[in-house]
Each structure stands twice: as C-alpha cells, then as structure tokens.
Amino acid sequence: MKAIISYETPLEQPHFTAKNDEKNMFYKENTEETVEGSLNYDVLDAVGEFKGQPGFIVCNNISVTDEGRPAFEHRFKSRAGLIENEPGFQAIRVLRPLSNDTYIIMTMWETEQNFKDWTESRSFENAHKKRPAQASAEPQKSIFSRPSFVTTFDVLA
C-alpha cells in the first residue's frame, strides 16, 4: 500500500486533514497520486482506520541510514502490538520513505490526553525497551542518520 503526505498542497479526498500552529497536513492512502512538494511512502504496517473523525495525530520522524533500514524495519514488523489495546487508540501507520531517509511512525488518538496517558504507561515502556545488542566482535554502528523528532497535529472533522 502507498501513502502520500502533503504539508502545502491540499490532496483530493484525503483520509484526513490535520493542522498544528505551523502547518497543515494532508494524508491519503492507496494512491499513486503525486503532488509537488509532497512526500510518498510505502505503508509497512497498518492497524486501525482513518474515518474522517476528529483526533490527535503523532508523527515520530526517524531518519535511518541505508544500511540500517533492514534492522529498523524488522523491529517494527516484529513489534509487540501493545499500542492497539490502549484507551483512545485509533490507528497506526509505519511509513517507509520513497525519496528520503525519514520514516514516519504515525499514530492517531481520540484525544491528546489519550496519547499522553499511553506515554506514561507500562505498555509504552515495554514497547520502547532497548533491545540487547547481538554479540559481535565489531562495535555497533548507529542506524540513525540524525536525531528523531515528533510532530503533532489536530485532525479536523
């Protein structure tokens, strides 16, 4: 499945439109649409639906080296799936970039407070535990190109 995110140009029939103090976000799945200035992704994991309902979007933007992509994707393909049972959870998308190095882990919540409650839960702690490094004669290189950052948006009804 493919997805597109545009921060400048509205998309025709987006799955949702969201905004924060700095910009608007338009998101659409199952599309081959191209829009100047938009970002295109493969959807690696999808749970839940975007039904045009209001909500709170959290995008964890994670830059990954070319060499680190297989390990990063493996971690998400084998994730525990604990988030899906959290109160207020609506959807998750793991988006692989097609034209840059920044993956997006996008979650949608009923409210910002639902997201905050999850970040303070044991489920969050378990989902974000450091994995033990494999025994190797060589030191582990970071798979990350630069520090990750989070952006949040309110979904417009």
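The values are calculated or read from the model by the stated rules, or taken from the named source; none is laboratory data. Model, not experiment: these values are computed from the prediction. With ideal geometry, Cβ positions are generated from the backbone for all residues, glycine too; neighbour counts draw on all protein chains shown.
Just a few scattered comments:
- In the stretch 14-49, the qualifying residues are those that are of a type in the set (A, V, I, L, M) and farther than 21 Å from GLY81 by Cβ, and the one that is farthest from the chain's Cα centre (by Cα) is VAL35.
- Extreme residue, nearest to VAL58 (Cα to Cα), among residues of the stretch 12-47 that are of a type in the set (D, E, K, R) and in a strand (DSSP E or B): LYS19
- Hits in the stretch 49-63 (condition: modelled with pLDDT of 95 or more and closer than 21 Å to ASP154 by Cα): GLY55, PHE56, ILE57, VAL58, CYS59, ASN60, ASN61, ILE62
- Hits in the stretch 114-123 - residues which are assigned to a helix (DSSP H, G or I) and farther than 20 Å from PHE153 by Cβ: ARG122, SER123
- As for the stretch 73-80, it holds no residue that is of a type in the set (S, T, N, Q) and surrounded by 17 or more Cβ atoms within 10 Å (Cβ to Cβ).
- Hits in the stretch 32-53 - residues which are closer than 14 Å to PRO10 by Cα and either among the polar types (S, T, N, Q) or exposed (fewer than 14 other Cβ atoms within 10 Å of the Cβ) (or both): THR34, GLU36, GLY37, SER38
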